[in-house]
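For reference, the structure is listed below as structure tokens.
The values are calculated or read from the model by the stated rules, or taken from the named source; none is laboratory data. Note that the structure is predicted; figures quoted are calculated from it, not measured. Neighbour counts run over all protein chains shown; Cβ positions are idealised from the backbone, glycine included.
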Amino acid sequence: MSILASDIEFDCDQKKGPVEEFKAIYAYARRERPLMIVTFVLSLLLAVIDVPIPFFLKHVLNATLKRDTALIASGEQLDPERMLLFVFFSLILLALIKGLLTYSRRVTSETLGQRVIYSLRLDLYRHLQSLSMTFFRSASTGRLMLRLMGDVQAVLKMVTRSFLRAVTDSISIIVLVTILLLLHWKLALLVFSGLPIYALTILRLSPQLRRTGRRARRQRSVLSGTLQETISGAEIIKIFNQQETEGERLAGHTSRLKHHLIERARISGKLAAITHATVAFGGALVLWLGGSAVLSGEMTKGDLMAFYTLAAMLFPPLRRLARTNETYQAARVSLDRILDFLERTTPFLEDVGSVDLVVERGAVHFENVSFEYIPGEAALAEIDLEIRGGETVALVGPNGAGKTTLVSLLARFIEPTSGRILIDGQDLAQVKLSSLRGQLGIVTQRTFLFSGTIANNIRYGRQDASDEEVREAARTANALDFIESLPDGFDTDVGERGQRLSGGEAQRIALARMLLADPPILVLDEATSAVDAESEELIQQAVERLMHGRTTLVIAHRGTTIRRADRVIVLDRGRLIEDGSHEMLLGKNGVYARLFNEQINLRDRAS
């Protein structure tokens, strides 16, 4: 079964109302109030810019069909040639003005949308970084990427294509309806007779569009996560010859996404068909009843032309509103997911203390600390452990004993269920996380390097470090020789996740990064596993330099590491069962002695 099957489900099923959604978007848009006002005014002008055109046509038609030389000579009727010339230049002027307004509105609306999305994406990223490691260990990277990129992009469409276009089209409809009623209210009411059916159709189909859009979005999240997983695990897939299995799994997700998208297309098609039918019905009514009015002398041909043109101008914004509604319903799903994500709090959100951590000696005290991943099942139980400043402590125990949980609590990746943790007498629950993390260094087995140069990866430990300090950190970590042997030296691009370096080289870069950060308290997760003997020796030397003068907790798997420690702490099933030096615990012939002889010694010999 895919790991994704156990991922935390953080897709949103909570429906928020349009008012809530509008308030959420407006909270970002109002930061750009001048730009928003300019965009609205431009939208208003664009909504009415074409209204004079039907009246130009009316006067041209009436003047040309009722041309009377005597009336023209007396000034009672406009000269058709002059009228045509006036209309010609007026239409040219209107076209130029409309072009300028369209360009300006496009620029301002896109700028407004991009600024809103910029702020929203930054808030999402900041919120993401505030979530604890519990969240990251549960969530799918692919789904998170879709939330930060795909959902945000959908909201951009909502701002630039839904809200702003809906404003323009709504104003156009109101203006046109008003004018049509003033011109011939009976004919106008007949033309509008099809609109209630159209409105009811939109109200009926919109929830279906949204439900289908939510299913499609969720399935797209799953597909994105699966792709991320198969790309990251490409080597394992090939080793176990599972290309066909993974292909079938991907095909299943893709097929389900295809089904949801086709269903959404069917619903959209129904809406489009009813929209076109409404338009055709309205146009036919105007020609039939308007033509009858002309024959009876109730309207002039010019009046009919103006009315028909205005009615024809009414239906494009109606069609656009239908398409806008589709975009809006799809974007609402993304917006709801974003708002749900931003509202996510405990147990995932890390609380932030109010005071800075001041480390003088680096003494650590776990005071009756317990922790439960699952309520009622203790991962750690009443751990009472004092570590002196500058002391090196090896944490030893079988898998699942609680070693990683203990150091995760120290880094506040997770919070104790009960008890407290103190550094130099300061309760970690009261200190700022940024202050704690600035005093604590963690080197794990799984070395992570960022795409970019070796120098930038080392400088990640302290951004303001000089080139000489970066070089010195590399030298202390036994990385300088191999770096200088590379054609580009410190400017060598390590590739994604440092894949262009060997395991041993990447670990030494990670140690150099930590040396540059220079934290007073250090946590090491046996950084010498899975490397060759020469690299291990170089890494071990670098580790010893890194540990010198610091309080160090080592999750130890090798005898050489344990022997160098001042104390050995033995954990088993979440309890601290033995505490002492390596020699003392061997002499007790207890759990540690058995573990050392049966596992650690054998592992050392095998390596």
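Pairs are defined by a Cβ separation below 7 Å, a sequence spacing of at least 6 or placement on different chains, a first member in region 568-591 that is acidic (D, E), and a second member that is assigned to a helix (DSSP H, G or I); the pairs so defined are D572/V591; E578/L585; E578/V591; E578/Y592.
For residues that are at pLDDT below 90 and surrounded by fewer than 17 Cβ atoms within 10 Å (Cβ to Cβ), scanning just region 415-433, find the one that is nearest to F371 (Cα to Cα). If we take residues in region 415-433 being at pLDDT below 90 and surrounded by fewer than 17 Cβ atoms within 10 Å (Cβ to Cβ), then A429 is nearest to F371 (Cα to Cα). Pairing each residue of region 85-100 that is without any contact (Cβ under 8 Å) to a residue 60 or more places away in the chain with any residue that is assigned to a helix (DSSP H, G or I), provided the two are 6+ apart or on different chains, yields C-beta distances under 6 Å for V87/F56; V87/V60.
This table checks each residue for (1) at pLDDT 80 or above; (2) of a type outside the set (G, A, S).
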{"residue": "T64", "(1), (2)": "no, yes"}
{"residue": "E76", "(1), (2)": "no, yes"}
{"residue": "P80", "(1), (2)": "no, yes"}
{"residue": "L94", "(1), (2)": "yes, yes"}
{"residue": "Q114", "(1), (2)": "yes, yes"}
{"residue": "D123", "(1), (2)": "yes, yes"}
{"residue": "R126", "(1), (2)": "yes, yes"}
{"residue": "A139", "(1), (2)": "no, no"}
{"residue": "A154", "(1), (2)": "no, no"}
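From the list D424, D464, the lone residue that is among the acidic types (D, E) and within 30 Å of A379 (Cβ to Cβ) is D424. Output the residues belonging to region 266-275 that are free of Cβ contacts under 8 Å to residues at least 24 places away in the same chain and either touching a Ser or Thr at 6+ places or on another chain (Cβ under 6 Å) or surrounded by 13 or more Cβ atoms within 10 Å (Cβ to Cβ) (or both). The answer is none; no residue qualifies.
Are any of the residues in region 448-463 out of contact with any Pro (no Cβ under 7 Å at 6 or more places or on another chain), of a type in the set (V, I, T) and modelled with pLDDT under 90? No, region 448-463 has no match at all. Any chance region 225-244 includes a residue that's crowded, with 20+ Cβ neighbours inside 10 Å and among the polar types (S, T, N, Q)? Within region 225-244, one or more residues are crowded, with 20+ Cβ neighbours inside 10 Å and among the polar types (S, T, N, Q).
Residues in region 442-486 that are surrounded by fewer than 16 Cβ atoms within 10 Å (Cβ to Cβ) and among the hydrophobic types (A, V, I, L, M, F, W, C): F448, F450, L486. Is there a residue in region 530-551 that is more than 31 Å from the chain's Cα centre (by Cα) and modelled with pLDDT of 90 or more? Yes, region 530-551 contains a residue that is more than 31 Å from the chain's Cα centre (by Cα) and modelled with pLDDT of 90 or more.
Every test in (1) at pLDDT 90 or above; (2) of a type outside the set (D, E, K, R); (3) out of contact with any Leu (no Cβ under 8 Å at 6 or more places or on another chain) is passed by S370 save one, and that test is (3). Somewhere in region 558-568, is a residue assigned to a loop (DSSP other than H, G, I, E, B), assigned by TED's automatic domain parsing to the domain that holds I423 and modelled with pLDDT of 90 or more? Checking region 558-568: at least one residue is assigned to a loop (DSSP other than H, G, I, E, B), assigned by TED's automatic domain parsing to the domain that holds I423 and modelled with pLDDT of 90 or more. Filtering region 366-395 to residues that are over 19 Å from A556 (Cβ atoms) and buried (at least 20 other Cβ atoms within 10 Å of the Cβ) leaves V369, F371, A379. Flag not set for T278, criterion: free of Cβ contacts under 8 Å to residues at least 60 places away in the same chain and closer than 30 Å to T300 by Cβ.
Candidates A322, A312: the one that is small (G, A, S) and closer than 30 Å to V152 by Cβ is A322.
Might you check whether a residue that is at pLDDT 90 or above, hydroxyl-bearing (S, T, Y) and in the same structural domain as D518 (by TED's automatic domain parsing) occurs anywhere in region 481-490? The answer is yes; a qualifying residue exists.
Looking across G402, G438, G397, G461, one residue alone is in contact with a helix residue (DSSP H, G or I) (Cβ under 9 Å, 6 or more places away or on another chain) and within 19 Å of V570 (Cα to Cα). It is G397.
For I174, the requirement of being surrounded by fewer than 17 Cβ atoms within 10 Å (Cβ to Cβ), in a helix (DSSP H, G or I), out of contact with any Lys or Arg (no Cβ under 9 Å at 6 or more places or on another chain) and at pLDDT 80 or above is met. Tallying residues that are closer than 21 Å to L511 by Cα and of a type outside the set (K, R) within region 560-602 yields 4.
With respect to (1) in contact with a helix residue (DSSP H, G or I) (Cβ under 8 Å, 6 or more places away or on another chain); (2) among the small types (G, A, S); (3) surrounded by fewer than 21 Cβ atoms within 10 Å (Cβ to Cβ), the lone exception for A199 is condition (1).
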